[in-house]
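First up is the structure itself, then whatever we jot down about it.
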Amino acid sequence: MARINLLPWREEERERKNKEFITQVIAVVLFSLLAAFAVWSFYNRELEQQQQANELIRTANTSLDADLKQIDDLEVRRDAIISRMRVIQDLQGRRPVPVRIWDDIAKAVPSAMYLTNLKREGDLITFTGRADNPNIVSSLVRNLNASDWMHDSKLKSIQDDIQAYQPKVNPTVVDQTTRPVYPEDSYIQFVVTTQVVAGTPDESGLDNAPENQADAGGQ
């Protein structure tokens, strides 16, 4: 006797295929999610590593900037110390210069001459005085130029027949004793300038010399 399947097999086959399709779709979706998660995790890890590297670089740059600032401060301090050392060495090296200038001036003033004024303005020293004759003034200029601390000495002015001392006349006194004649009465007046050698300090004591000095060279 033949057996006939009267069950709805087509519907069962359709349901089976639908279940297989749904299973495949779910598997594909899960695989895609896993792949996307793996890719996201990879790039997220790379991003975190890059951020950590950037943070290390920023920290290193900050530390380097601080070190550079310290180096700059040390260089400034070093330059200041070197500058002070040079000033001290320069002052120590030039300490005897004012004494030598005074000594050379005293030696340069010849006899038959005396100074009435001596002043210094910067590197320029001006001598004002009286001398027996122009040759004595020329000797002064030559002596100043022969010094190691002065140069470019020049005669600025000279005037003949200058009376060093004038007798005081009292109009109320009729009979006044005549003053004796001194050699200085015929002295000429002169003005001589000289330049101090470059680098000589101004603290030589010549800046505020009194208007009337004692005779620097004997009469």
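The values are calculated or read from the model by the stated rules, or taken from the named source; none is laboratory data. Keep in mind it's a predicted model, so treat the numbers as computed, not measured. Here the Cβ is made from the backbone with ideal geometry for all residues, glycine too, and neighbour counts use every protein chain on show.
Restrict the check to the stretch 108-123 and report whether at least one residue is in a helix (DSSP H, G or I) and farther than 30 Å from residue 190 by Cα. Scanning the stretch 108-123 turns up no residue that is in a helix (DSSP H, G or I) and farther than 30 Å from residue 190 by Cα.
Does the stretch 124-135 contain at least one residue that is exposed (fewer than 15 other Cβ atoms within 10 Å of the Cβ) and either in contact with a Ser or Thr (Cβ under 8 Å, 6 or more places away or on another chain) or part of a strand (DSSP E or B) (or both)? The answer is yes, given that some residue of the stretch 124-135 is exposed (fewer than 15 other Cβ atoms within 10 Å of the Cβ) and either in contact with a Ser or Thr (Cβ under 8 Å, 6 or more places away or on another chain) or part of a strand (DSSP E or B) (or both). For residue 132, the conditions (1) out of contact with any helix residue (DSSP H, G or I) (no Cβ under 8 Å at 6 or more places or on another chain); (2) of a type outside the set (S, T, N, Q); (3) at pLDDT below 90 are fulfilled apart from (1).
Among the residues of the stretch 79-100, not one is closer than 29 Å to residue 192 by Cβ and modelled with pLDDT of 85 or more.
Screening residue 114 on (1) modelled with pLDDT of 85 or more; (2) in contact with a Ser or Thr (Cβ under 9 Å, 6 or more places away or on another chain) shows it passes everything except condition (2). Got at least one residue in the stretch 44-60 being of a type in the set (S, T, N, Q), at pLDDT 90 or above and within 38 Å of the chain's Cα centre (by Cα)? Checked the stretch 44-60: at least one residue is of a type in the set (S, T, N, Q), at pLDDT 90 or above and within 38 Å of the chain's Cα centre (by Cα).
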